[in-house]
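Working notes, beginning with the structure itself.
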Amino acid sequence: AVRTESKIYVCKQAISATRFIKSEGYTKLCDRILHSNKMRRERVSPMAFLGHCRMATNGQETNNENNQPVIKEGMVVVHNGIIVNAEDLWAQYPEMVREFATDTEVFPSLVRRYLASSNSIEVAFSSAFKDIYGMSSVAAIFEDAPYLAIGTNNGSLYMCAHKNTNTYLFASERYY
């Protein structure tokens, strides 16, 4: 997923990461982002680029809706981990509507629920993390706000910055 000043572009497929980065969809996304400034059709200055390779926990990976990134509630979310109480949270908050089988889906629904009352992404993210059980590292971009929110409830979040280019990288595994 790529968040620009005006739009979020998403490309995902139920294939391995190695095959995905060679796919036509991924190539077209990269071409659009990298070359659109030259074409002058659209001003594209990427604000955030999210990538994720999923190990299936809940929800069949053959159903692309269950694959990362999950698109829900005007958010694009990647999640490493498992939310073991997702079923309980859907039951606890019946106003939230479930569409997919993946546990990740409950997180953006919780964030939107808390955003409605707090109007703060920071508070909403923190509140959603208080509701979930299990190990989770999450990154989200928003259709209606120029923010990238990242968080973890298990300390598995690693970041580095390149000061001269204003570039920040994050990963949920130290190895990366």
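The values are calculated or read from the model by the stated rules, or taken from the named source; none is laboratory data. If you're wondering where the values come from, they're calculated on a predicted model, not measured in any experiment. For neighbour counting, all protein chains shown are included, and Cβ atoms are generated from backbone atoms with ideal geometry for every residue, glycine included. Ligands, DNA and RNA are excluded from the accessible area calculation, which covers all protein heavy atoms including side chains. Shrake-Rupley method; radii C 1.70, N 1.55, O 1.52, S 1.80 Å.
Tabulated values for the structure
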item: Boolean, Glu61 is more than 24 Å from Leu169 (Cβ to Cβ), open to solvent by 60 Å² or more (accessible area, probe 1.4 Å), of a type outside the set (Val, Ile, Thr) and at pLDDT 75 or above; result: no
item: The range 16-34, residues that are of a type outside the set (D, E, K, R) and part of a loop (DSSP other than H, G, I, E, B); result: Ser16, Ile21, Ser23
item: Failed condition for Glu99, given (1) in contact with a strand residue (DSSP E or B) (Cβ under 8 Å, 6 or more places away or on another chain); (2) open to solvent by less than 10 Å² (accessible area, probe 1.4 Å); result: (2)
item: Residue that is nearest to Glu5 (Cα to Cα) [pool: residues in the range 122-176 that are in contact with a strand residue (DSSP E or B) (Cβ under 7 Å, 6 or more places away or on another chain) and in a helix (DSSP H, G or I)]; result: Phe125
item: Inter-residue pairs, beta-carbon under 9 Å, first at positive phi and modelled with pLDDT of 90 or more and in the range 124-151, second open to solvent by less than 10 Å² (accessible area, probe 1.4 Å) and of a type in the set (Asp, Glu), 6+ apart; result: Gly134/Asp103
item: Yes/no for Arg19 being more than 19 Å from the chain's Cα centre (by Cα), over 19 Å from Ile141 (Cα atoms) and modelled with pLDDT under 85; result: no
item: Among residues of the range 1-15, those that are under 21 Å from Val138 (Cα atoms) and part of a loop (DSSP other than H, G, I, E, B), counted; result: 8
item: Every residue from the range 119-130 that is of a type in the set (A, V, I, L, M, F, W, C) and over 16 Å from the mean Cα position of the chain (by Cα); result: Val123
item: Residue list for the range 65-96, restricted to those being under 11 Å from the mean Cα position of the chain (by Cα), open to solvent by 40 Å² or more (accessible area, probe 1.4 Å) and among the charged types (D, E, K, R); result: none
item: Selection from the range 131-176 of residues that are of a type outside the set (Ser, Thr, Tyr), under 18 Å from Glu105 (Cβ atoms) and more than 15 Å from the chain's Cα centre (by Cα); result: Asp131, Ile132, Gly134, Met135, Asn153
